[in-house]
Structures are given as C-alpha cells and as structure tokens.
1. Ranking request for peptides 63-70, 91-98: highest mean number of other beta-carbon atoms within 10 Å first, then the rest in descending order.
2. Shape verdict for the chain, please, from the Cα gyration tensor: rounded (a/c under 1.5), prolate (a/b greater than b/c) or oblate.
3. Given the rule -39500 (n - 2.57) for each run of at least 4 DSSP H residues, summed and divided by the residues of the chain, what is its mean residue ellipticity at 222 nm, to the nearest 500 deg cm²/dmol?
4. Magnitude of the Cβ-charge dipole of segment 52-105, K/R +1 and D/E -1, about the Cα centre, nearest 20 debye?
5. Where nothing but the Cβ of Lys and Arg (+1) and of Asp and Glu (-1) is charged, how large is the charge dipole of the chain around its Cα centre, in debye to the nearest 20?
6. What residues have an amide H closer than 5 Å to that of Y50, excluding those fewer than 5 places away on the same chain, when H is modeled at 1.01 Å from N in the peptide plane?
7. Among Q80, S46, C11, which residue has its Cα furthest toward the positive end of the charge dipole of the chain, with +1 on Lys/Arg Cβ and -1 on Asp/Glu Cβ?
8. Taking 0.36 nm per intervening residue step and subtracting the Cα-Cα distance, what contour gain separates H18 from L92 on full extension?
Amino acid sequence: MTIYPLADDDCYQPPPDHECEEFQHHIDLAPGHRMGFRQVYRRGTSQMVYFAIWQAVRQDEEWHPVARIDCSHGTVHRHQFTQLGENHRIVLVEIPVERGREVVDRWYEPAEAMMQNDWVDNIRRWHGDQE
C-alpha cells in the first residue's frame with residue numbers, strides 16, 4: 001500500500017475558510033465577454049491568501065471558460081482553455097509553504113494585469129486563431 005502525503009504537507013494552502021473573507025465580482029469587457037475576480041483575504045487583514053481571475057465568453061446562451069489565473073495546488077498558474085475543451089496549464093511561480101501568503105499577495109496585481117492585457121488574445125486563441 002502506498003501512503004501519499006497530505007496536500008498541506010507539501011504545498012502552500014490558504015488558511016481555513018473560517019479565518020478568511022471572500023470577495024467576488026466581475027466586469028463586462030465587451031458584449032459577451034466577461035472577467036471575474038475571486039479574492040480571499042485573511043480575516044481582519046489586507047493580506048490576500050488566495051485569488052482566481054477568469055475570463056469567459058458567452059456563446060449559445062452559455063458562458064464558456066477562456067482563461068484563468070489562480071493559485072491552487074501550490075503554484076500561481078495560468079489555464080488557457082480551448083473551444084474544444086482543452087486546458088493548457090502554465091506554472092508562473094511555485095508558492096513556498098513558508099511565507100507563501102506573501103507570494104500570493106504579491107502576485108495578484110501582475111496576474112490581474114496579465115488577464116486584462118491578454119483578453120483579446122485569449123479570445124482569439126480560444127477560437128483557434130493562433131495570430
């Protein structure tokens with residue numbers, strides 16, 4: 001029998017939900033194009049301990065994921081989705097167990113800037129246009 005280490009033994013994990021406050025909102029970039037934000041802070045502080053920024057496109061009356069940057073699984077990473085359902089994951093930075101909250105907090109603004117700057121390219125890629 002193989003014993004696997006628990007996730008929080010080998011990678012960064014945000015504090016438990018009861019120690020956090022969560023905020024979610026979205027903005028419409030253009031008709032049928034949306035960017036959403038999930039920000040989780042340690043309760044009573046301004047330190048972000050988890051985030052996810054996503055982009056979606058509305059097609060056939062449904063929202064479809066186009067791209068996302070989040071900090072699950074011990075890394076800040078980018079998901080690039082395709083219309084065919086593929087998910088290309090690119091690690092931007094490893095989050096250390098020690099002082100990981102500082103890395104997450106520091107990466108939010110660059111991640112948001114990447115998503116805002118790349119939203120048109122993300123749509124093109126999702127549609128299969130490589131240019």
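1. Details: 63-70: 19.5, 91-98: 13.2.
Result, highest mean Cβ count within 10 Å first: 63-70, 91-98.
2. Prolate, since a/c reaches 1.5 and a/b exceeds b/c.
3. Mean residue ellipticity, 222 nm, calculated: -6500 deg cm²/dmol.
4. Its charge dipole is roughly 120 debye.
5. Details: 13 positive and 23 negative charges, 28 e Å.
Using only the charged Cβ atoms, the result is roughly 140 debye.
6. V40
7. It is S46.
8. Values: separation 74, 0.36 × 74 = 26.64 nm, distance 2.83 nm.
Value of the extension gain: 23.8 nm.
The values are calculated or read from the model by the stated rules, or taken from the named source; none is laboratory data. Only a predicted model underlies this, so the values are computations on that prediction, with no experimental measurement involved. With ideal geometry, Cβ positions are generated from the backbone for all residues, glycine too; neighbour counts draw on all protein chains shown. Protein only, heavy atoms only, side chains kept; ligands, DNA and RNA dropped before computing areas. Shrake-Rupley method; radii C 1.70, N 1.55, O 1.52, S 1.80 Å.
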